[in-house]
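Take a look at the structure below.
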Amino acid sequence: MAQPPRDVYRRRRLGAIGALAAVAALAGAVVGAGRGDRAAPPTTAASAGDGTSHKAKAKPKPPPQLPLGGRTLFPHYRVVAYYGAPQAHALGALGIGSPDFAAHRLRRQAKTYVKKTRPIMLAFELIVDVANAAPGEDGLYRTRQPNAVIRRYLRAARRAHALLVLDIQPGHADFLDETKHLDRWLREPDVGLALDPEWHTPGAQPGTVIGSVDAASINAVSRHVAAIVRAHRLPEKLFIVHQFTPDMIQGKAHVLHRPGLAIAMNVDGFGDRANKVSKYREFTHDGTHFHRGFKLFYEEDTGLMKPRSVLALQPPPDLVVYE
């Protein structure tokens, strides 16, 4: 099967989300009539904070842990994730069917990665900023998911004992601004963040050019998220940056490591096995020392790599994402 050109892939994705702005506006209106965005996210040890302040001798609560226990992701766990959003199947595997159905399929996929020496942590990588072909009312070429959608996927992730990772395709918006908009969710112990530079295209329509991000922008976002981890005594957060071209992360050598963040550079891009392995080798032997991720595409990849082939990569990835 011939590899579909990436510009065709982008057009298909952008076409699939053309109605998202209207869907988001409608969802916001419906939710606003009830509890709306004022409703607090599900209570956790991190967000419950002062709930026992009236008890003079109450013991301090232990710091929250990851869904399967512990406070450090790597190298103890390997993360296997589904990527996508519910508005269209073209956005990825996570959006096909209900969140619980996606969890069932993800669990079945992840079983093929289980090793006695390294348990698997499931993750939902939910696109919460979706790049648009149209500028929208604010001219930023992106649509934010309603809080009701994020809440739905967080609850499903918790039922599956999985992480929720909030993926930002910012269009013309700033990565840090979009991250701050998500602070209420990032205060949760099981919620991480992903930056999708392909869809960061200031000055151009998303999908017409390949976007990028510089090290200073990544460092500003990671500083902000690490401060949340520190302030709320949260376990280590998964922090993903996607990459499939050398200049997609400008100044990559200057990206900083942060206490409390498991920073994973996820080798993105579809193609045949030879091209994908070559890209993985290039980006994991570029002199940087981050956790390693690898992305697979159920539809776009030519001859989907089997888990044993993925685990044979050197170094073996800490994170495997399916779109």
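Among the trypsin sites (Lys or Arg not before Pro) in region 100-150, which ones are in a DSSP loop with at most 10 other Cβ atoms within 10 Å of the Cβ? Mind listing them?
Hits after loop and neighbour filter: LYS116.
Sticking with the crude label model, points 7 Å out along Cα→Cβ, report the distance from ALA253 to ASP286 in nm, one decimal please.
1.2
Loop-only GluC sites (Glu not before Pro) in region 248-319, please: DSSP not H, G, I, E or B, and at most 16 other Cβ atoms within 10 Å.
Answer in residue order: GLU299.
With label points built 7 Å along Cα→Cβ from the Cα atoms of ASP138 and ASN219, find their separation and express it in nm.
My value for the distance between the label points is 2.7 nm.
I'd like to know which of ALA148, LEU186, VAL130 lies farthest towards the positive end of the charge dipole of region 121-202, counting +1 on Cβ of Lys and Arg and -1 on Cβ of Asp and Glu.
After comparing all options, I get ALA148.
Provide the FRET efficiency to the nearest 0.05 for the ALA204-ALA231 pair, computing r from the beta carbons and using R0 = 35 Å.
0.45
How many nm is it between the label spots at THR72 and ARG273, if each spot is 7 Å from the Cα in line with the beta carbon?
Between THR72 and ARG273, the label points sit 3.5 nm apart.
Go through region 172-247 and name the trypsin sites (Lys or Arg not before Pro) that are in a DSSP coil and have 11 or fewer other Cβ atoms within 10 Å of their Cβ.
For trypsin sites (Lys or Arg not before Pro) across region 172-247 that sit outside H, G, I, E and B with at most 11 neighbouring Cβ atoms in 10 Å, the list is empty.
Could you compute the FRET efficiency for ARG158 and ARG105, with r as their C-beta to C-beta distance and R0 at 25 Å, rounded to 0.05?
Calculated transfer efficiency: 0.90.
Exceeding 18 Å between C-alpha atoms, which entries from my cross-link table qualify? They are LYS111/LYS306; LYS180/LYS237; LYS252/LYS306; LYS115/LYS237; LYS116/LYS279.
The answer is LYS252/LYS306; LYS115/LYS237; LYS116/LYS279.
Is there a quick way to get the dipole size of region 80-156? I mean about its Cα centre, with the Cβ of Lys and Arg at +1 and of Asp and Glu at -1; what is the value in debye to the nearest 20?
I would put it at about 700 debye.
Only the coordinates and a few stated rules stand behind these numbers; no lab work does. Since we're looking at a predicted model, the values are computed, not measured. No Cβ is skipped: glycine too gets one built from the backbone with ideal geometry, and neighbour counts run over all protein chains shown.
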